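Asker: Take this structure first; my questions come after.
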Amino acid sequence: MMKRARQDAMVENAAPQTSQENKKQKTCFYGSAFSESDPHGSIDWGSLPHHVILRIFQCLPLVDRARASSVCRRWNEVFHIPDLWRRFEFELNQPATSYLKSTHPDLIQQIIKRHADHLQYVSFKVDSSTESAEAACNILSQLVNCSIKTLGLISTAKPSFMNVSKAHFASALTVVFVNSKSLSSIKIDDTPVDDPSLKVLVANNSDTLKLLKMSSCPHVSPAGVLCVADQCHGLKELALNYYILSDELLLALSSEKHVDLEHLRIDVVSENPGQVEFHTIKKQSWDAFVKHSPKVNIVMYFFLYEDEFDAFFREETPVTHLYFGRAVSKAMLGRIGLNCPRLIELVVCANGLQPLDDELIQIAQRCKNLTAMGLGECEVTCRGFIEFVKVCGGRLTQLSIMEEVLIPDNDYSLDRLHLEVSKHLGRMWFPDMMPTW
C-alpha cells in the first residue's frame, strides 16, 4: 500500500511538470500565439510569428493563399513578404478549350505591380492557344524591374508559342534578358527565339548562364548557339536540335576557357521522311569534346524513319543515353554495338519482326557501361535475351521488357526465363505486361 501511495504521489507531481513542458514547447514554436490563459491550449492564429505564417502560405495553392491573406492584417502583411514571391508559375489557359485552371488576371496585375522586383524563379505554363502564349509575352514585357534567375516557358500542347509572331516574342524575351542580368537557367523549347535574342542574352548574362534548353527552335542557327558557347563559359547543360549541332560548336565547348559540360541533349527529329539530309559530326570533334568534359552525359532522342539513319554512328560516338521513338533497323543497332562504347541507357520503342539476339549480345559485350535497357515492339528469343542478361549481369539496374517481345524457344519458356534472368541479375525480375483494359 505504501509503495502504491508513493507511485500515485509521483504521478500527481509529474503531471503538472509535463503539462508545463508541453506549454513551453508550444511557446517555442508558436511564440506569442499560444494563449496561457486558455485551459485548452488553443492557438491564436492571428498572432502566429511571421515565419510560421510564411511556411503555411508556401504550402498553399495560389488561390487559397490569396484567400488566406484576407483573414487578418497580419496574414495580409505576410502575403506580401518578398520571400513568398521569389518563385512563381503563371498558368495561362483559355476556359473554352482547356480544363486547366488559370491564374486570375487581377492577381497577375497585382504581382506585376507589387512583386515584379521580387521574382527570381519564374515559369509560364500555357495551353495550345495563341491567346495564352500572347498573354505570357505581354506579362514578360512588363517585367522591367525584375532580377530573374530561372525562366521556363512550357507549352502543355503545340503550337502555342510557335504561333506568336517572332517580333512579339523576341521583344518580350529581350525585356527579361536585358533587365535580369543574372539568368542562370532558361528553358525555351518550342519557341520562336532567334539569333538576335540569343546575342542579347549573352551580352547581359554571359557570366551567370549555366543551363540553356531550346529544342525545336527553328529560328536559331548554328551561328546563334555558337555565340552562346563562345561567350558563356560557365554553361553546364545544353539542349538543342541536331541541325544546329556542329563541329565548331563542340570545339567551342571544348576550349580551355569553358567549364566541363555536364549534360548535352540532342533531339534528332524528322517530320517528313526524305526531306531532311542529316550531316555527320567528325570523330575528332567528339573526341576533343569528351577529352575536355570526360564525365558529360550525351543524350540523343531519335524520331526518324528507318531510311534516315545513314549519317549516324558510322564512327565511334560518345553518346551515353539513346532513345528511339520510332522504328530502328537491325543494322543501326549493330552499329550502336560497334561504335557507342560509353552507352549507359538504350530504349528502343519499335524494330520489326526480326529477332535482335545478335545485336543485343554485341551491345552487352562492347558497351561495358550499359546499366539500363528498354524494349517495346521488338522481338528477342528467350535464349538470346538470357545471353544478353548473362553478359551484362548485375550492372543492369533497369530492365524494362514487354512480355510480347520475348519469343519462347526449345530451351526456355517464359516461366523459366524469369528465373534465369533473376539469377543473373541477382534480384527478382519479371517482364512487363500490357494492361488489358
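Asker: Do you know which of the residues in the range 81-90 that are outside any helix (DSSP H, G or I) and open to solvent by 30 Å² or more (accessible area, probe 1.4 Å) is nearest to GLY152 (Cα to Cα)?
Answerer: Checking each candidate, the answer is GLU89.
Asker: Follow-up question, since we're still on this one. Go through (1) of a type in the set (A, V, I, L, M, F, W, C); (2) under 28 Å from the mean Cα position of the chain (by Cα); (3) under 24 Å from LEU353 (Cβ atoms) for VAL389 and report which single condition fails.
Answerer: Unmet for VAL389, out of (1) of a type in the set (A, V, I, L, M, F, W, C); (2) under 28 Å from the mean Cα position of the chain (by Cα); (3) under 24 Å from LEU353 (Cβ atoms): (2).
Asker: Is it the case that some residue within the range 213-225 is surrounded by fewer than 19 Cβ atoms within 10 Å (Cβ to Cβ), under 23 Å from HIS292 (Cβ atoms) and modelled with pLDDT of 95 or more?
Answerer: The answer is yes, given that some residue of the range 213-225 is surrounded by fewer than 19 Cβ atoms within 10 Å (Cβ to Cβ), under 23 Å from HIS292 (Cβ atoms) and modelled with pLDDT of 95 or more.
Asker: While we're on this one: Residues in the range 328-337: is at least one modelled with pLDDT of 95 or more and not in a helix (DSSP H, G or I)?
Answerer: Within the range 328-337, not a single residue is modelled with pLDDT of 95 or more and not in a helix (DSSP H, G or I).
Asker: Related question: Regarding MET402, is this residue in contact (Cβ under 8 Å) with a residue 12 or more places away in the chain, in contact with a strand residue (DSSP E or B) (Cβ under 8 Å, 6 or more places away or on another chain) and farther than 22 Å from GLN362 by Cβ? It would help to see each step written out before you state the result.
Answerer: Numbers: in contact (Cβ under 8 Å) with a residue 12 or more places away in the chain: yes; in contact with a strand residue (DSSP E or B) (Cβ under 8 Å, 6 or more places away or on another chain): yes; farther than 22 Å from GLN362 by Cβ: no.
Taking the combined requirement at face value, the residue does not satisfy it.
Asker: Is it the case, given these coordinates, that GLN120 is within 19 Å of PHE57 (Cα to Cα) and either at pLDDT 85 or above or within 21 Å of the chain's Cα centre (by Cα) (or both)?
Answerer: When the stated conditions are applied, GLN120 passes them.
Asker: Can you confirm whether SER285 is among the hydroxyl-bearing types (Ser, Thr, Tyr) and surrounded by fewer than 19 Cβ atoms within 10 Å (Cβ to Cβ)?
Answerer: yes
Asker: Here's a follow-up. Just for the range 41-60: of the residues that are open to solvent by less than 80 Å² (accessible area, probe 1.4 Å) and either at pLDDT below 80 or closer than 17 Å to VAL122 by Cα (or both), which one is nearest to the chain's Cα centre (by Cα)?
Answerer: Of the range 41-60, the ones open to solvent by less than 80 Å² (accessible area, probe 1.4 Å) are 41-44, 46-50, 52-54, 56-57, 60.
Then drop every residue that is not either at pLDDT below 80 or closer than 17 Å to VAL122 by Cα (or both), which leaves 41-44, 46-48, 50.
Working: GLY41: 45, SER42: 43, ILE43: 41, ASP44: 42, GLY46: 39, SER47: 40, LEU48: 37, HIS50: 33 Å.
Here the answer is HIS50.
Residue by residue, here is whether (1) modelled with pLDDT of 90 or more; (2) open to solvent by less than 20 Å² (accessible area, probe 1.4 Å); (3) outside any strand (DSSP E or B); (4) within 19 Å of GLU308 (Cα to Cα) holds:
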| position | (1), (2), (3), (4) |
| --- | --- |
| ALA229 | yes, yes, yes, no |
| LEU235 | yes, yes, yes, no |
| LEU250 | yes, yes, yes, no |
| GLU256 | no, no, yes, no |
| LEU261 | yes, yes, yes, no |
| ARG265 | yes, no, no, no |
| VAL268 | yes, yes, no, yes |
| GLU271 | no, no, yes, yes |
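Asker: Name the residue that is nearest to SER285 (Cα to Cα), counting only residues in the range 233-252 that are of a type outside the set (Lys, Arg) and touching a strand residue (DSSP E or B) at 6+ places or on another chain (Cβ under 8 Å).
Answerer: Looking only at the range 233-252, we keep the residues that are of a type outside the set (Lys, Arg), and these are 233-235, 237-252.
After this cut, where a residue has to be touching a strand residue (DSSP E or B) at 6+ places or on another chain (Cβ under 8 Å) as well, the list is 235, 237-242, 245.
Working: LEU235: 18, GLU237: 18, LEU238: 17, ALA239: 18, LEU240: 17, ASN241: 17, TYR242: 15, LEU245: 11 Å.
If we take residues in the range 233-252 being of a type outside the set (Lys, Arg) and touching a strand residue (DSSP E or B) at 6+ places or on another chain (Cβ under 8 Å), then LEU245 is nearest to SER285 (Cα to Cα).
Asker: So, in the range 396-415, how many residues would count as being open to solvent by 60 Å² or more (accessible area, probe 1.4 Å) and within 24 Å of ASN339 (Cα to Cα)?
Answerer: Matching residues across the range 396-415 total 2.
Asker: With a cut-off of at least 2 residues that are out of contact with any Gly (no Cβ under 8 Å at 6 or more places or on another chain) and within 20 Å of SER329 (Cα to Cα), name the helices (runs of 4 or more DSSP H) lying wholly within the range 339-432.
Answerer: Numbers: elements: 357-366, 382-392, 414-425.
Helices (runs of 4 or more DSSP H) meeting the threshold: 382-392.
Asker: Quick one: how many residues across the range 193-217 are under 19 Å from SER141 (Cα atoms), part of a loop (DSSP other than H, G, I, E, B) and among the basic types (Lys, Arg)?
Answerer: Number of matching residues: 0.
Asker: For residues that are polar (S, T, N, Q) and closer than 20 Å to LYS423 by Cβ, scanning just the range 346-388, find the one that is most open to solvent (accessible area, probe 1.4 Å). If you could, list the steps in order and put the result at the bottom.
Answerer: Within the range 346-388, the first condition is being polar (S, T, N, Q), and the residues that meet it are 351, 354, 362, 365, 369, 371, 381.
From the residues that got through so far, the ones that are closer than 20 Å to LYS423 by Cβ too are 365, 371, 381.
Values: GLN365: 93, THR371: 41, THR381: 33 Å².
Ranking the candidates gives GLN365 first.
Asker: I'm told SER329 meets every condition in (1) open to solvent by less than 40 Å² (accessible area, probe 1.4 Å); (2) among the polar types (S, T, N, Q); (3) within 22 Å of LEU417 (Cβ to Cβ) except one. Can you identify the failing condition by its number?
Answerer: The failed condition is (3).
Asker: Then there is this: Return the residues of the range 291-313 that are crowded, with 19+ Cβ neighbours inside 10 Å and assigned to a helix (DSSP H, G or I); say none if nothing qualifies.
Answerer: Correct list: GLU308 only.
Asker: Assuming VAL391 fulfils every condition listed in (1) closer than 27 Å to ARG416 by Cα; (2) open to solvent by less than 40 Å² (accessible area, probe 1.4 Å) apart from one, which condition is it?
Answerer: If we test VAL391 against (1) closer than 27 Å to ARG416 by Cα; (2) open to solvent by less than 40 Å² (accessible area, probe 1.4 Å), just (2) comes out false.
The values are calculated or read from the model by the stated rules, or taken from the named source; none is laboratory data. Only a predicted model underlies this, so the values are computations on that prediction, with no experimental measurement involved. Cβ sites come from the backbone with ideal geometry, for glycine too, and all protein chains shown count toward neighbours. Each accessible area value is taken on the protein alone, full model and side chains, heavy atoms only, with ligands, DNA and RNA left out. Shrake-Rupley method; radii C 1.70, N 1.55, O 1.52, S 1.80 Å.
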